Amino acid sequence: MKTTFLTKTALTMALAGAGLLAHAEDFSCAAGSATDCALATSTLSWTWDGTFFTLSNAGAGYVSEVYFDLSAGMSASFVSGIGTVNFTAGASPGSLPGGSSVGFSSDAAFDSDSRGAPVYGINAGESATFQIVGAALDSFTGGELAAGAHVRSLVDSSASVVTIAAAVPEPETYALMLAGLGVVGWVARRRHSA
């Protein structure tokens with residue numbers, strides 16, 4: 001009975017810690033129908049390493065414009081893409097559609113449609129990487145930096161999404177997660193030897 005309680009407690013702590021780590025990749029919808037917003041937020045993901053922001057599309061539609069809400073001293077540029085992806089500085093529209101409804105101010109905008117057909121945006125299975133100069137690893141979570149994307153050709157029309165600022169897990173969270181994983185390993189080892 002005690003072993004089962006320890007196992008459940010450790011697993012709960014490990015999953016809670018893992019959930020905090022994965023939260024930084026979510027988007028929230030700023031504009032679009034409920035259907036388009038659900039599709040866009042469930043198929044787009046992003047990663048950030050303190051210098052490079054990578055936006056990936058795993059679903060329908062294509063990301064046609066990418067916007068950044070930058071703090072003073074920051075600048076953004078398109079670096080590269082996987083697939084037939086190309087973005088140029090300046091976008092039409094110049095601001096993220098619906099961005100003002102969530103306090104998003106477009107300081108840098110990039111467009112994929114400036115060269116015409118075919119579409120050079122981020123289609124299914126593709127990604128684009130942007131470099132943000134003057135930012136830090138905690139710039140998203142500290143509210144100093146935000147990204148937005150406008151996704152076209154969805155179910156009804158289009159949707160605008162923005163990054164969600166999530167708190168960076170404290171060192172104690174990592175320690176708790178590791179302790180939970182250690183207890184799970186100890187219990188499994190004990191069961192195996194019994």
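Data table
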| read-out | value |
| --- | --- |
| Evaluation of Ala72 against (1) out of contact with any Phe, Trp or Tyr (no Cβ under 9 Å at 6 or more places or on another chain); (2) crowded, with 17+ Cβ neighbours inside 10 Å; (3) part of a loop (DSSP other than H, G, I, E, B) (one fails), failing number | (2) |
| Residue within the range 71-86 that is touching a Lys or Arg at 6+ places or on another chain (Cβ under 8 Å) and either assigned by TED's automatic domain parsing to the domain that holds Ala136 or at pLDDT below 95 (or both) present | yes |
| Residues that are among the hydroxyl-bearing types (Ser, Thr, Tyr) and either closer than 15 Å to Ser106 by Cβ or part of a loop (DSSP other than H, G, I, E, B) (or both), drawn from the range 24-69 | Ser33, Thr51, Ser64, Tyr67 |
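The values are calculated or read from the model by the stated rules, or taken from the named source; none is laboratory data. Remember, predicted model here, so these are calculated numbers, not experimental data. Note that each Cβ is placed from the backbone with ideal geometry, even for glycine, and that neighbours are counted across all protein chains shown.
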